[in-house]
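Novice: Quick one: the structure is below, questions incoming.
The values are calculated or read from the model by the stated rules, or taken from the named source; none is laboratory data. The model shown is predicted, which means the values in this text are computed figures rather than measured ones. Positions of Cβ are backbone-derived with ideal geometry, glycine not excepted, and every protein chain shown enters the neighbour counts. These accessible areas exclude ligands, DNA and RNA; they are computed on the full protein's heavy atoms, side chains included. Shrake-Rupley method; radii C 1.70, N 1.55, O 1.52, S 1.80 Å.
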Amino acid sequence: MEEELLVSGRMNHLIDPQLNIWHWEIPLYLFLGGMAAGILSIAALYFIRGREKDYSTAVRLTPFLAPVLLVLGLIALFIDLRHRLFFWQLYVNIRLQSPMSWGAWVLMVITPVSFIWCALHIKDIFPNWDWKFKWIYEIESFFNKYKKVLAWIMLIYGIILGIYTGILLSAFNARPLWNTSILGPLFLASGLSAGAAATLILSNDKAERKQFARIDLVLIGIELFFIIHMFMGFLASTQVQIEAAKLFLGGPYTVTFWIFVVILGMLIPALLEFMELGKFHIPAIVPAVLVIFGSLMLRFIIVYAGQVSRWLY
Amino acid sequence: MRYAMAVDTRKCVGCSDCVVACQTENDVPHGFCREWVVETMNGTYPQLEIEIRSERCNHCINAPCVRCCPTGASHFAEGGIVIVEHNKCIGCGACMASCPYDARYPHPSGYVDKCTFCIHRIKEGLKPACAAVCPTKCIYFGDLNDPNSDVSVVLKKRKSKTLIPEAGTKPQLYFLI
Amino acid sequence: MASRRDFIKISAMGAGVLVLTKGTFGAAKLLTSPDEAKKLKVDLKRTPTYCEVCFWKCAGWVYKTSEGKIWKIIGNDEDQHSNGRFCPRGTGGVGMYYDEDRLKTPLIRVEERGRQVFREASWDEALDYVASKMKDISSKYGSESMALFTHGNGSSYFTNLMKAFGSANIAEPSYAQCKGPRDEAFLATFGEEVYSPEVTDIRDTKCLVLIGSHIGENMHNGQIQEMSDAIDKGVTIITVDPRFSTAAGKSKYWLPIKPSTDIALLLSWIHEIIYNNYYDKNYVEKYCSGFDKLKEHVRDFTPEWAYGITTIKPDLIRKTAKEMSNASPAVIIHPGRHVTWYGDDTQRVRAIAILNALLGSWGRRGGFYRPAKYEVPSAKIPKYAEPKKAWTDLFPGKYPIASSPVSNLLIDGSIPGNKPAYPIKGWIVNATNLISSIPDQANTLKAIQNLDLLVAVDTMPMEITGWADVVLPECTYLERYDVLRVSPHRKPALALRMPAAEPMNNTRSAYNIARGLALKLDLGAYFPFEKQEELLDWQLKQVGSSLEEMQRIGVKTKEREADDLYFAENENVTFSTDSGKIELYSKSIEQAGFDPLPKYTAHEEPSEGYYRLIYGRTPQHTFGRTSNNPNLTDLMHENTVWINPKISKAWGLINGQYIWLKNQDGVISNFKIKVRVTERIRWDSVYMVHGFGHSQKQMKRCFGKGASDTRLITKVLTDPLMGGTGMRSNFVTFVTENSEKEVAS
């Protein structure tokens, strides 16, 4: 018989009996940030490729969600901090080895950029919008002149935003479940998928909806590929990784993961979108909401399950 | 200068004096601990063996907690001691997630806390509180780069191991076996 | 007072200012970050003290913050007991001071609306009450009907009071419930006891044999330190224990003996050592008497014979006997400390003493050294009136070997049904929780119900206080002066205890309480010094020191008068026995009507489905005294019951499950206890740490945590020689569902 026990009564709050330092705030932010990243990247991409007119919702309307999502995400992050009065330290230090530091700075760039992008298109929603001040009109025309540059910035930072959350988690090799380099691309794909789903809901243009349904389908396929790859990697790796994978293969997170994330969040929307492409009419909102839900659940489950996976005791 | 600590598992009886001394010396809040004692036992009665270890932050050379800190609050001080600067810490929790030894804890005041090798005592030429109090004198502390320090001498004489070496953090807490 | 006592749960009361520091509960915030050490000039005040958390009395320093708040306790480097290193309980002693559940003010039992409750009282009121009751008892029954149960450093003050009052019925439970049998055994053999700290020369020994002693779990500070030194020097440790103790984990040989059969093993070792001529011939010839009778006595006690009884294989018995002999005279067969196991304990420790004598370890390096101490005069007081009745008169003829009063005998003398020669009607209980320290709780409670007066002096609201008429709150050792520590050691040493803080709330020191009571009883002449400082200064000046010096240095050690730490080569030593020699064959025990040489008797074994209850210590707590200490509850807040995996499997119990224990007399543990499934315990026994299962709600951290082993020890095997209460013949079974409600006390 093998026994390993703590003799000295250790029970550090939030650390024992298992790590529990991140609660709903972090997965919520990861989801909001990922979806915003998806929205902004897609908007920027299509603008740069000159498809603004074909996908006007994606380029001009959906991005209005982005600032809201980002601000909510930032609020969630702020609430999560335990030493809030010192949050500003994030912005007077840059640590290239810390993905969290990148995140802070990326958000610092992309949030204003998203606001500016929306400001440039505000007349789509409020045709009679008046900036009132001459200098604001001057700024507006400046950005309109360099809109392509702005779009490139938005695209690059959007992708970084989408992928860094996964890299952030995967840098924690102390949590074997997260310690896989597939997590970054998986989160990016999930974010793009959620962003595409947003356009799917908001768009009135049939062609646009069809295109985005196709995009979603492809992204879902990529995500499934990543997930399978991830599990194969875990099961072929060291004991701690196998234990981590077991959390989803018979362990406590099995049902929630496979049902909420994979079946409801990926397979059923994919099926529905297939059917849509095959001329069966399904209200677009259904698969889109499922995709967004699945993206949210993916973040929640990965964050919670990751804190359970460990090296010791 | 590279500070390290060695714990002689042959002598450690698991009394947890190190834990209490650290608590009073460093004003660790009740309910939290910077050190802890682990007992591992295996075999079947009466063929049994036991190992008792006094554990704490390993002050790793390749510390993931320093790498992942977004503000630099978690940093290396003299001798490689890993320290948290309280007023730079935002309480994001990244360091706690990154430590494979779960050596850190969230202090009720908001910042993250952990063993500091009693750096305030080292600066006065004293040993860390745990090493100074241990009744079995099983905790050795010193500068690895000094061949005459307690810890260098004992590591040369005895076989030792570290915990989870495969995590790649290069911990500086050795267990003499 | 009502004719029947109820157990009163002390509720959170207490006027008086609760002195708690700001910031985190516990020690005051001194250094919140490593940088602050630089900013704060570390000009720390410190006062000397010696620890009261256990009986080892390590001397140390109490450090205070610049605001004068108690911060931490560190050992005094000059102190031989601790060598500058305190144990976890000593280090955690600050928790005793800061514990908000402490007793705060005197309490008197009154009846209010049909219920018995405690009413807060002033010291004057409380002491008046006690004094008047004591005078009542004295006039009705005689002063001898007052008894004192005491422990710790306040004992001398209350002993002085009682003797002045006219009673010598003063018992320390540490005698009959703990080390009494071993002291008598060594007294009968060597003419000298083993003292406290024990005079075992562990740091220089080559072979340490532990019979049940779980050094490493019992935190005898000096012994653990010396054992560690010995391990570095390559000592051979032989542990005899049915449980794989921490010491067993560090042993070269672990003998997993069947419980209650130790005497057989010891006798077979004696046989081996004699019949193989391993013994120290010169030593035995020069110093011992009765060798031939011993040799004849152990003729048939071969290792094979012992194997059948102990389950220890004969070749292991032979190997370990040889190992011990090779180390001779630097070998210690440890006398143990808590030895009240099976009722034949004096005889078992006699076997240990004999073994030591044969190997020539008594008085030799690596064996037992000769202690030395300061002789400090006491204050000049009037002669005590000789009490007309002694404790031995209560039940004439009982426990003839006992050289100290037997606590359980005094308890029995308080029950009229036992027909003592005179009744015991009043108890003062100082710093000992009789409910937890005396086995057979029902008997203790029966005695208490017959008392006219029960006074409890304590720092915490322990269970005994719930039965008292008057509760007198003492301040902790960090808040008072006390007697000088003059414990014997390798060099004579003095240690001073001085207060690091003023008594909290409305508490007082034992000296103050005893003196206050004496004044009320017109016995002030026996406490001539009003302030302890004056007494201590006077005493210290008689031995070439002063209070001022001791406050500065804490510990004063001097060289021995002669170089006699060990016997010199061929020294002519006269032992304080009747024959002047080491009595292998004890004439004094024979004269008292008992076996002059130890014999093995079989003891009861558990029946089907029952397991022997074995209890022990943990280095993180001192019995039940520290169960509420916040620094120590952080380490361990409940005990667990160790169950062998074979048994747990048969019962379907899993690790971490909570169960009740029921003993052979149908008594169920008061609270649930957590199961630890471990291979470390034998399948016929279960093990738990003593001191948990507290039932006083006021002790918020430890109330209801773990279970009380004392409650389950209802069968007592009393040692007929000296009254020691053997506690290891109780057997428990497991109860997974219990409909009985929680039982008070």
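Novice: Ratio of alpha-carbon Rg to the 2.2 N^0.38 Å globular estimate for the protein assembly as shown, to two decimals, please. Write down the numbers at each step before the final one.
Specialist: Numbers: Rg = 36.4 Å, N = 1235, 2.2 N^0.38 = 32.9 Å.
It is 1.11.
Novice: Hey, another quick one. Rounded to the nearest 500 deg cm²/dmol, what is the calculated helix-only ellipticity per residue at 222 nm for the protein assembly as shown, with -39500 (n - 2.57) per DSSP H run of length n ≥ 4?
Specialist: Numbers: 40 runs with 430 residues, N = 1235.
Result for the protein assembly as shown, helices only: -10500 deg cm²/dmol.
Novice: Going by accessible area, probe 1.4 Å, with all protein chains left in place, what is the ranking of C:ASP564, C:ASP300, C:ASP469, A:ASP124, largest first? Please report the intermediate quantities before stating the final value.
Specialist: Working: C:ASP564 55, C:ASP300 110, C:ASP469 0, A:ASP124 75 Å².
Sorted by accessible area, descending: C:ASP300, A:ASP124, C:ASP564, C:ASP469.
Novice: Moving to a separate point now. With θ set to phi - 60°, apply the Karplus curve 6.51 cos²θ - 1.76 cosθ + 1.60 along segment C:51-63 and write out the HN-Hα couplings as whole Hz, x wherever there is a Gly or Pro.
Specialist: Values per residue, Gly and Pro as x: 6, 10, 5, 9, 8, 6, 6, 5, 8, x, 10, 9, 8 Hz.
Novice: Next question. Between A:THR238, A:THR62, A:THR254, find the one with the highest GNM mean-square fluctuation for chain A; connect C-alpha pairs within less than 10 Å.
Specialist: Top of the fluctuation ranking is A:THR238.
Novice: Ranked by accessible surface with a 1.4 Å probe, highest first, in what order do A:VAL218, C:VAL298, B:VAL153, A:VAL308 come? Mind dumping the intermediate values first?
Specialist: Details: A:VAL218 90, C:VAL298 0, B:VAL153 60, A:VAL308 35 Å².
Putting A:VAL218, C:VAL298, B:VAL153, A:VAL308 in descending order of accessible area: A:VAL218, B:VAL153, A:VAL308, C:VAL298.
Novice: Also: Report the antiparallel proportion of the DSSP beta bridges in chain C as a percent, rounded to a multiple of 5. Could you put the intermediate results ahead of the total?
Specialist: Numbers: 37 of 79 bridges.
Here the antiparallel bridges make up roughly 45 percent for chain C.
Novice: If you don't mind, another one. Quick one: how many Å² of A:TRP135 are accessible to a 1.4 Å probe, rounded to 10?
Specialist: 150 Å²
Novice: For chain A, list the DSSP H helices whose alpha carbon atoms reach 27 Å or more along the long axis and whose average Kyte-Doolittle value is 0.5 or above? Intermediate results must be reported in sequence, preceding the final value.
Specialist: Details: long enough: A:25-48 (34 Å, 1.75); A:99-120 (31 Å, 1.51); A:147-170 (34 Å, 1.66); A:183-202 (28 Å, 1.70); A:206-235 (43 Å, 0.95); A:285-308 (34 Å, 2.04).
Result, helices passing both filters: A:25-48, A:99-120, A:147-170, A:183-202, A:206-235, A:285-308.
Novice: Next up: Express the C-alpha Rg of segment C:230-354 as a ratio against the empirical globular expectation 2.2 N^0.38 Å, rounded to two decimals. Please list the in-between numbers first.
Specialist: Values: Rg = 14.3 Å, N = 125, 2.2 N^0.38 = 13.8 Å.
That works out to 1.04 for segment C:230-354.
Novice: For the protein assembly as shown, with all protein chains present and a 1.4 Å probe, just round the carbon and sulfur fraction of the accessible area to a whole percent. Before the final figure, lay out the partial values.
Specialist: Numbers: 25100 of 45080 Å².
Carbon plus sulfur share of accessible area: 56 percent.
Novice: Which of C:ILE668, C:SER729, B:TYR140 sits farthest toward the positive end of the charge dipole of the protein assembly as shown, with +1 on the Cβ of Lys and Arg and -1 on the Cβ of Asp and Glu?
Specialist: Selected residue: B:TYR140.
Novice: What fraction of the DSSP beta bridges in the protein assembly as shown is antiparallel, stated in percent and rounded to the nearest 5? Spell out each step's value before the answer.
Specialist: Numbers: 63 of 109 bridges.
The answer is about 60 percent antiparallel.
Novice: While we're looking at this one, here's another question. Can you give the accessible area of C:PHE731, probe radius 1.4 Å, in Å² rounded to 10?
Specialist: The accessible area comes out at roughly 10 Å².
Novice: Which one of A:LEU219, A:LEU90, B:SER74 is farthest out on the positive end of the charge dipole of the protein assembly as shown, using unit charges on Cβ (Lys, Arg +1; Asp, Glu -1) and the Cα centre as origin?
Specialist: A:LEU219
Novice: Follow-up question, since we're still on this one. Across every pair of different alpha-carbon atoms, what Kirkwood hydrodynamic radius in Å does segment C:65-194 reach? Provide the component values of the computation, followed by the final result.
Specialist: Values: mean 1/r = 0.0517 Å⁻¹.
Hydrodynamic radius (Kirkwood, Cα only) of segment C:65-194 equals 19.3 Å.
Novice: To check you understand DSSP bridge types, tell me what percent of the beta bridges within segment C:418-508 (both residues inside) are antiparallel, rounded to 5.
Specialist: Working: 1 of 11 bridges.
Percent antiparallel among DSSP bridges in segment C:418-508 is about 10.
Novice: Using modelled backbone amide H atoms (1.01 Å from N, in-plane), which distant-in-sequence or interchain residues come within less than 5 Å of C:ASN76's amide H?
Specialist: C:ALA59, C:GLY60, C:TRP61, C:GLY84
Novice: Right, next: Over 32 Å between Cα atoms: which of C:LYS140/C:LYS697; C:LYS295/C:LYS646; C:LYS373/C:LYS581; C:LYS662/C:LYS700; C:LYS556/C:LYS581; B:LYS159/C:LYS319 fall into that group?
Specialist: On the way: C:LYS140/C:LYS697 37 Å; C:LYS295/C:LYS646 42 Å; C:LYS373/C:LYS581 24 Å; C:LYS662/C:LYS700 26 Å; C:LYS556/C:LYS581 34 Å; B:LYS159/C:LYS319 29 Å.
Too far apart for the 32 Å limit: C:LYS140/C:LYS697; C:LYS295/C:LYS646; C:LYS556/C:LYS581.
Novice: Moving on. Looking at chain B as a GNM with Cα springs under 10 Å, which of B:ILE52, B:ILE122, B:ILE81 has the largest mean-square fluctuation?
Specialist: Of B:ILE52, B:ILE122, B:ILE81, the Gaussian network model singles out B:ILE122 as fluctuating most.
Novice: Oh, and also: Could you check the spin-label model distance between A:LEU267 and A:GLU138? Points 7 Å from the Cα along Cα→Cβ, value in nm.
Specialist: Between A:LEU267 and A:GLU138, the simple spin-label model gives 6.1 nm.
Novice: Here's another thing I want to ask about it. Which of the pairs C:LYS45/C:LYS69; C:LYS674/C:LYS715; C:LYS104/C:LYS674 have their Cα atoms more than 21 Å apart in this structure? List each step's numbers first, then the result.
Specialist: On the way: C:LYS45/C:LYS69 10 Å; C:LYS674/C:LYS715 24 Å; C:LYS104/C:LYS674 33 Å.
In this structure, C:LYS674/C:LYS715; C:LYS104/C:LYS674 lie more than 21 Å apart at Cα.
Novice: Right, something else. For A:LYS279, C:LYS446, C:LYS556, give the ranking by accessible area with the largest first, probe 1.4 Å. Show your work: numbers first, answer last.
Specialist: Details: A:LYS279 165, C:LYS446 115, C:LYS556 45 Å².
Reading off the accessible areas and sorting them downward yields A:LYS279, C:LYS446, C:LYS556.
Novice: Pick out, from C:TYR611, B:ALA4, C:GLN698, the residue whose Cα sits farthest towards the positive end of the charge dipole of the protein assembly as shown, with +1 on the Cβ of Lys and Arg and -1 on the Cβ of Asp and Glu.
Specialist: B:ALA4
Novice: Here is a follow-up. What is the set of long-range amide H partners of B:GLU55 at a cut-off below 5 Å, with H atoms built 1.01 Å from backbone N?
Specialist: Counting only residues 5 or more places away or on other chains, the set is B:TRP36, B:VAL37, B:VAL38.
Novice: Give the shape of segment A:217-281 as rounded, prolate or oblate, defined through the alpha-carbon gyration tensor: a ≥ b ≥ c are the square roots of its eigenvalues, a/c under 1.5 means rounded, and otherwise the shape is prolate if a/b is larger than b/c and oblate if not.
Specialist: Working: a/c = 5.53, a/b = 2.20, b/c = 2.51.
Judged from the Cα gyration tensor, segment A:217-281 comes out oblate (a/c at least 1.5, b/c at or above a/b).
Novice: Let me ask something additional. For C:VAL689, enumerate residues with amide H under 5 Å from its amide H, sequence gap 5+ or separate chain, H modeled in the peptide plane.
Specialist: C:GLY616, C:THR640
Novice: Also, quick follow-up: Charges only on Cβ, +1 for Lys and Arg, -1 for Asp and Glu: so what's the dipole of segment C:569-669 about the Cα centre, in debye to the nearest 20?
Specialist: Working: 9 positive and 12 negative charges, 99 e Å.
Its charge dipole is roughly 480 debye.
Novice: Using the Cα centre of the protein assembly as shown as the reference point, and only Cβ charges (+1 on K/R, -1 on D/E), how large is the resulting charge dipole? Debye, rounded to the nearest 20.
Specialist: Numbers: 138 positive and 125 negative charges, 476 e Å.
The dipole of the protein assembly as shown has a size of about 2280 debye.
Novice: Kirkwood Rh, chain C, all Cα pairs: how many Å?
Specialist: Details: mean 1/r = 0.0372 Å⁻¹.
Its Kirkwood hydrodynamic radius stands at 26.9 Å.
Novice: Given Cβ point charges of +1 (Lys, Arg) and -1 (Asp, Glu) and nothing else, what value in debye, to the nearest 20, does the dipole of segment C:76-225 about its Cα centre take?
Specialist: Values: 16 positive and 23 negative charges, 96 e Å.
It comes to approximately 460 debye.
Novice: With θ set to phi - 60° and the Karplus curve 6.51 cos²θ - 1.76 cosθ + 1.60, what are the ³J(HN,Hα) couplings of segment A:82-92 in order, to the nearest whole Hz, using x for Gly and Pro?
Specialist: Using θ = phi - 60°, the values come out as 9, 10, 4, 4, 9, 4, 5, 4, 4, 9, 10 Hz.
Novice: Accessible area per residue of the protein assembly as shown at 1.4 Å probe, in Å²? Kindly include the intermediate steps, with their values, before the conclusion.
Specialist: On the way: 45080 Å² over 1235 residues.
Per-residue accessible area for the protein assembly as shown comes out at 37 Å².
Novice: May I pose another question? Give me the accessible area of A:HIS13, 1.4 Å probe, in Å² rounded to the nearest 10.
Specialist: That residue has around 110 Å² of solvent-accessible surface.
Novice: Looking at the square roots a ≥ b ≥ c of the eigenvalues of the Cα gyration tensor of chain A, which shape do they give, rounded for a/c under 1.5, prolate if a/b is larger than b/c, or oblate? Walk me through the numbers on the way to the answer.
Specialist: Details: a/c = 2.53, a/b = 1.43, b/c = 1.77.
Taking the square roots of the gyration eigenvalues as a ≥ b ≥ c, chain A is oblate.
Novice: Step through the residues of segment B:130-144 one at a time and calculate ³J(HN,Hα) from phi using the Karplus curve (6.51 cos²θ - 1.76 cosθ + 1.60, θ = phi - 60°), rounding each to whole Hz and writing x for Gly and Pro.
Specialist: Once rounded to whole Hz, the list reads 5, 5, 6, 9, 3, x, 8, 6, 8, 9, 10, 9, x, 9, 5.
Novice: Take chain B, connect every pair of alpha-carbon atoms lying under 10 Å apart with a spring to form a Gaussian network, then pick out the residue of B:PRO147, B:PRO46, B:PRO108 with the largest mean-square fluctuation.
Specialist: Judging by the Gaussian network model, the answer is B:PRO46.
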